[in-house]
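The values are calculated or read from the model by the stated rules, or taken from the named source; none is laboratory data. These numbers were taken from a predicted model, which means no experiment stands behind them. Backbone-built Cβ (ideal geometry, glycine too); neighbour counts: all protein chains shown. Just the protein is used for accessible areas: all its heavy atoms, side chains included, with ligands, DNA and RNA removed. Shrake-Rupley method; radii C 1.70, N 1.55, O 1.52, S 1.80 Å.
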Amino acid sequence: MKGRIPIRIANKRAYIWDVDDLDKVRSEHHICGLLVGTLPHLSQQNVFLGLPAQLTPEEATLLVEKEYAVFVDDTNAYPEPSLSQFQQWNAEQKRYIEHQRAALESENVKSSEVAQLVVSEEAVRKRKERELRRQQKALELRRLQEVEGDGAVHAILSQPIPTPSADVQALFSDLRPTTSSAPAQYNICIAASSSSLEWYSPESCSYSTIDAARTAGIWDFPSNLQDRARYGVFKDLWEQGYFLGGGIRFGGDYLVYPGDPLRYHSHFCATVIESPTHTIRPMEIVAHGRLGTATKKTHLFCGWDDEKKTVSYVSIEWAGFG
């Protein structure tokens, strides 16, 4: 099982937690999965998602059957840690908390220093403005005394000190403190993968075949005719080199892409037919044909023969007559 991609199984759902493994299954094995995790710093968690990636039952079964991956019973892969292991983990957590606390205190000290600097610059600016107003007042008094005498000087002294003109204020504009509009910085703790824990032991909980995983009770796909039909169609299209994604938004079971969905639009919307003798109503044919044409796709009926283990395809498009 060395070199295979670990697929973690929890509640009979398949997940890939490592970004390198996800890149490998997408670039080498044409399996996309669906990101279902959250990302830090994002207020809305419904557009851009992160790890883990959840695989459909068809994708997970195909990877194990082709010997590209193994199933790992994630629930039982974490035995009870020993006392020494727990103490070591607890000590590492305390060291990490102390490191975060020291970093936060350092940020607070820097913030207080910046605040003091802003206050000191404000005080210097106001003091210089007051000094400038006194100098202007004294200069006006001297000029008025030379022209009109002491009576006019007394009248000027009784008036309030004028506010500096716009030109004078412009001289001190460079001394005014600037407020930063950048948001406050804070730390986010992103824990390491739990597989890095010392007591993590997946060796006894790994299964390289579907039968072994079914016997262990962690996997039961495919379990009926519908599951076998879906998997048979998925596998057949995948072996032809297509990428497949969910097709429920377009009225089908799968969207069939000629290449990576990040680069190509889907060409087909596939619907799985469980049996060659399954009845299809004319209304279904019309509905799928019109819907496929409206979304610029060809609708594909994929008939599964459970006895021969083969798939037959019929494509339909809406066409105008007359």
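Sorting check: for 66-78, 235-247, which peptide has the highest mean count of neighbouring beta carbons within 10 Å, and how do the rest follow? Numbers along the way, then the final one.
On the way: 66-78: 18.8, 235-247: 16.9.
Order by mean packing, descending: 66-78, 235-247.
With a 1.4 Å probe and all protein chains in place, put 250, 48 in order of accessible area, largest first.
Most to least solvent-accessible, the answer reads 48, 250.
By the scheme Lys and Arg +1, Asp and Glu -1, what is the net charge of all other residues having a beta-carbon under 13 Å from that of residue 264?
Net local charge, residue 264 excluded: +2.
Compute the signed sum of charges (Lys and Arg +1, Asp and Glu -1) over the other residues within less than 12 Å, Cβ to Cβ, of residue 78.
Here the count lands on -3.
Taking 0.36 nm per residue of separation and subtracting the Cα-Cα distance, what length does fully extending residue 67 through residue 197 add?
Working: separation 130, 0.36 × 130 = 46.80 nm, distance 2.67 nm.
Here the segment from residue 67 to residue 197 would lengthen by 44.1 nm.
How big is the gap, in Å, between the Cα center of the stretch 217-254 and the Cα center of the stretch 44-111?
Here the answer is 30 Å between Cα centres.
Label-point separation (nm) for residue 4 and residue 35, each offset 7 Å from Cα along Cα-to-Cβ?
Inter-label distance under the simple model: 2.8 nm.
Shape of the stretch 229-322 from its Cα gyration tensor (a ≥ b ≥ c, root eigenvalues): rounded if a/c is under 1.5, otherwise prolate when a/b > b/c, or oblate? Could you put the intermediate results ahead of the total?
Working: a/c = 2.08, a/b = 1.06, b/c = 1.96.
Judged from the Cα gyration tensor, the stretch 229-322 comes out oblate (a/c at least 1.5, b/c at or above a/b).
In square angstrom, rounded to the nearest 10, how much accessible surface does residue 124 have for a 1.4 Å probe?
Spelled out: residue 124, probe radius 1.4 Å, area about 50 Å².
Given the whole protein assembly as supplied and a 1.4 Å probe, what does the accessible area of residue 127 come to in Å², nearest 10?
For residue 127, the solvent-accessible surface is approximately 130 Å².
I'd like to compare 252-260, 271-279, 307-315: which one has the highest average count of other Cβ atoms within 10 Å, and what's the full order after that?
252-260, 271-279, 307-315
Of the listed pairs 2/24; 66/297; 66/308, which have alpha-carbon separations greater than 24 Å here?
On the way: 2/24 15 Å; 66/297 30 Å; 66/308 20 Å.
The pairs that break the limit, which is 24 Å between Cα atoms, are 66/297.
Calculated FRET efficiency, residue 283 and residue 309, Cβ-Cβ r, R0 35 Å, to nearest 0.05?
0.70
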